[in-house]
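The values are calculated or read from the model by the stated rules, or taken from the named source; none is laboratory data. Computed from a predicted structure; not experimentally measured. Cβ placement follows ideal geometry from the backbone for every residue including glycine, while neighbour counts extend to all protein chains displayed. These accessible areas exclude ligands, DNA and RNA; they are computed on the full protein's heavy atoms, side chains included. Shrake-Rupley method; radii C 1.70, N 1.55, O 1.52, S 1.80 Å.
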Amino acid sequence: PNVYGQLALGFRLPANFVIMPQAQYNYTANEFVTSKVSLEKRIFERGYLNLSVEHNFRNDITMGELGMRYDFSFAQVGVSARQSNEITTLVQYARGSLINDKKTSYLKANNRTNVGRGGISVLAFLDLNANGKHDEGEPKAGNLALRSNSGRIEYSEKDSVFHITGMEPYVKHFIELDESNFNDISWRLHKKSYAVVTDANMLKLIELPVSVEGEATGMVMVEKDGVRSGQGRIILNIYRDDHSLKGRVLTEQDGYFSYFGLEPGSYYIRVDTAQLGRLNLVAVPDSIAFSIKSAKEGDYVEGLDFILRTTG
């Protein structure tokens, strides 16, 4: 078998010129196969003028080509004249692709060929009922920041949808998400990275649930001789209505506490009983029930106050 090597370089020159010498070498036969030099100049805003000379040493053929290409947003068009020994060939071409995704109402002409390539559509929505599914009436979440390790990313502000095209099919691609640009601080992503395998000639839809979370606040005070004062470092446990533990929070020095990250639903909060036993204290009330409502802006519950008194 023959072993080949190819070398190609590119040099940017003044006045928007680029020169690109190339050579192919056959290591088995110890000979050059082809050599080529191309000169390209950018004209207008998206136009390119090309001149190239190529020599095939094996067949002793010299070819020269002069052409022009213009890149529209929807297609590439070009014309070139090629001279090979005594034969002249005139070539005209147009290339591009049309991408259609019915699920996101996306239709666009592209000046790059996408036949055989894959793609991904990414849509973030407000998961108002916290079930992880895009239900009817749940709006899209705008201003999501997205990064991908491959493909070309296009964002539609009107539809709040990302389209990533030109991806190699049947391989794993990685997407990273950033919630810092969301319109509301109560919007949260529980999963910020995805691995997606694309299919050829298709846009795979990924719907990202954005949790709209609420906040619960209150005070813990110690009563002694009829005087109440805030108590720091008191542990409070927040439970779901099925009695499973949602989270824990510690009071600040003045007795204030705040817990953020509550999905819509019913909860109750109580002071940690183990800590109360060690301190010989009892909490009044024993627990407080509250609920987080489903809303685009999240929910805020305050007034979850406890009084601690000595036992006996």
Residues of the range 118-150 satisfying the condition of being more than 30 Å from GLY265 (Cα to Cα) and either open to solvent by 40 Å² or more (accessible area, probe 1.4 Å) or in contact (Cβ under 8 Å) with a residue 40 or more places away in the chain (or both): GLY118, GLY119, ILE120, SER121, ARG147, ASN149
Across the range 68-98, the tally of residues that are surrounded by 14 or more Cβ atoms within 10 Å (Cβ to Cβ) and over 39 Å from the mean Cα position of the chain (by Cα) stands at 4
Which numbered condition ILE164 fails, given (1) part of a loop (DSSP other than H, G, I, E, B); (2) β-branched (Val, Ile, Thr); (3) open to solvent by less than 70 Å² (accessible area, probe 1.4 Å): (1)
In the set ASN30, ASN16, ASN26, which member is under 22 Å from VAL77 (Cβ atoms) and either polar (S, T, N, Q) or loosely packed, with under 15 Cβ neighbours inside 10 Å (or both)? ASN16
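Search the range 295-308 for residues being within 46 Å of the chain's Cα centre (by Cα) and open to solvent by less than 70 Å² (accessible area, probe 1.4 Å), and hand back the single one that is farthest from PHE182 (Cα to Cα). Outline the logic, then answer.
Here is the first cut: in the range 295-308, the residues within 46 Å of the chain's Cα centre (by Cα) are 295-306.
Add one more test, that the residue is open to solvent by less than 70 Å² (accessible area, probe 1.4 Å), and what stays is 295, 298-299, 301, 303-306.
Working: ALA295: 15, GLY298: 13, ASP299: 17, VAL301: 22, GLY303: 28, LEU304: 29, ASP305: 32, PHE306: 35 Å.
So the residue we want is PHE306.
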Of these, ARG240, ARG248, ARG233, which one is in contact with a Lys or Arg (Cβ under 6 Å, 6 or more places away or on another chain) and either within 18 Å of HIS190 (Cβ to Cβ) or open to solvent by 40 Å² or more (accessible area, probe 1.4 Å) (or both)? ARG240
Taking the criterion of being buried (at least 16 other Cβ atoms within 10 Å of the Cβ), of a type outside the set (A, V, I, L, M), without any contact (Cβ under 8 Å) to a residue 24 or more places away in the chain and in contact with a His (Cβ under 9 Å, 6 or more places away or on another chain), would at least one residue in the range 35-48 satisfy it? yes
Which numbered condition trips up VAL115, out of (1) assigned to a strand (DSSP E or B); (2) surrounded by fewer than 16 Cβ atoms within 10 Å (Cβ to Cβ); (3) among the hydrophobic types (A, V, I, L, M, F, W, C)? (1)
When the residues of the range 151-161 are narrowed to those that are open to solvent by 20 Å² or more (accessible area, probe 1.4 Å) and part of a strand (DSSP E or B), which ends up modelled with the lowest pLDDT? SER156
